[in-house]
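Working notes, structure below.
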């Protein structure tokens, strides 16, 4: 099922802006006030929309993005802030020595919105982020838990019926890819789905990695209905019921999004 945000980068950008302004920034500010001059890094920044509310607060921002097309869109859409010297968009891998040399110990806040579930070797990546933080700096994560109904990102499949099938990504690979293949989907999309399957992360695993990496949780919210659905589907966000959020593993299957703010 092709949605507008899948084919129009300006739609994706605006959804990022609206979601960050209404939900991400207020969530962060419950534990970390955002003030003028703060240094912000958005890893996997996409079209750059998540940075807009922070630029509006007078922060200095850097967006780092591996996808060359997306980083190009971000430079176009944030051209004003870039020209003013308040923002930089970098097409680079965060693991590159050049990135570490340039940005080590610089940031008050690192943002990862819908990114951690795409990153391999999360055991290495989460503690690695400390290298880029100032003393007292914190990291925001927003992601869909792997076991939630569409945690495999199957909504990118063109076939409407398959794209709406809940929990299909939990099937064995040969069944999962067989179903998608029968719809005529391209190999590139199937490879993308398998990549997400190899890196998807649960609430339990995330919290264990946070603790193992020496972080503490400053703030967290689990959502029954993901805030971004308001802009994608017109569905009002809803926080997860407290009793459900407290039940390990079961909560992963019925929680469509989680927000975490962690500090070292």
For a quick check, take a GNM of the chain with Cα springs below 10 Å and name the residue from 62, 157, 235 with the largest mean-square fluctuation. 235
Treat region 154-199 as a sphere of radius equal to its Kirkwood radius over Cα pairs and apply Stokes-Einstein at 37 °C in a medium of 0.692 mPa s; give the translational diffusion coefficient in µm²/s, rounded to a whole number. 316 µm²/s
Rounded to the nearest 0.05, what FRET efficiency is calculated for residue 84 and residue 217 with R0 set to 30 Å and r the Cβ-Cβ distance? 0.30
At q = 0.18 Å⁻¹, what is the base-10 log of I(q)/I(0) for region 110-261 according to the Debye formula with one equal point scatterer per Cα and no solvent? Please give it to two decimals. -1.12
Using all alpha carbons of region 115-157, what is the percent of pairwise distances in each 5 Å bin, ordered from the shortest bin to the longest? 5, 17, 22, 22, 14, 10, 7, 2, 0
Subtracting the Cα-Cα distance from 0.36 nm times the residue separation, let me have the gained length for residue 100 to residue 192 in nm, one decimal. 30.3 nm
log10 I(q)/I(0) for region 58-158, Debye formula on C-alpha points only (no solvent), q = 0.16, 0.22 Å⁻¹, two decimals, reads -0.84, -1.34
Could you tell me how many degrees, from 0 to 90 and to the nearest 10, lie between the Cα long axis of helix 187-199 and the main elongation axis, the longest principal axis, of the Cα atoms of the chain? 70 degrees
Descending principal axes extents, region 1-132, alpha-carbon based, whole Å: 38, 33, 30
Please give the FRET efficiency for residue 66 paired with residue 131, using the beta carbon to beta carbon distance and R0 = 22 Å, rounded to the nearest 0.05. 0.75
Using a/c under 1.5 as the rounded threshold, could you call region 62-106 rounded, prolate or oblate? The axes a ≥ b ≥ c are square roots of the C-alpha gyration tensor eigenvalues, and prolate needs a/b larger than b/c, oblate otherwise. oblate
Rounded to the nearest 0.05, what FRET efficiency is calculated for residue 121 and residue 36 with R0 set to 30 Å and r the Cβ-Cβ distance? 0.25
Defining a contact as two alpha carbons under 8 Å apart and six or more residues distant in sequence, what relative contact order in percent does the chain show? 19 percent
Using alpha-carbon coordinates alone, the radius of gyration and Dmax of region 175-264 in Å work out to 16.3, 47
Rh (Kirkwood, all Cα-Cα pairs) for the chain, Å, reads 19.0 Å
So for region 191-264, averaging the separation of alpha carbon pairs under 8 Å that are six or more residues apart and normalising by length, what relative contact order in percent results? 38 percent
Return the single residue from 14, 154, 104 with maximal mean-square fluctuation; model: Gaussian network over the chain, springs between Cα atoms under 10 Å. 104
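FYI, it's all coordinate maths here, none of it is from the lab. Computed from a predicted model, the values in this text were never measured in an experiment. Neighbour counts run over all protein chains shown; Cβ positions are idealised from the backbone, glycine included.
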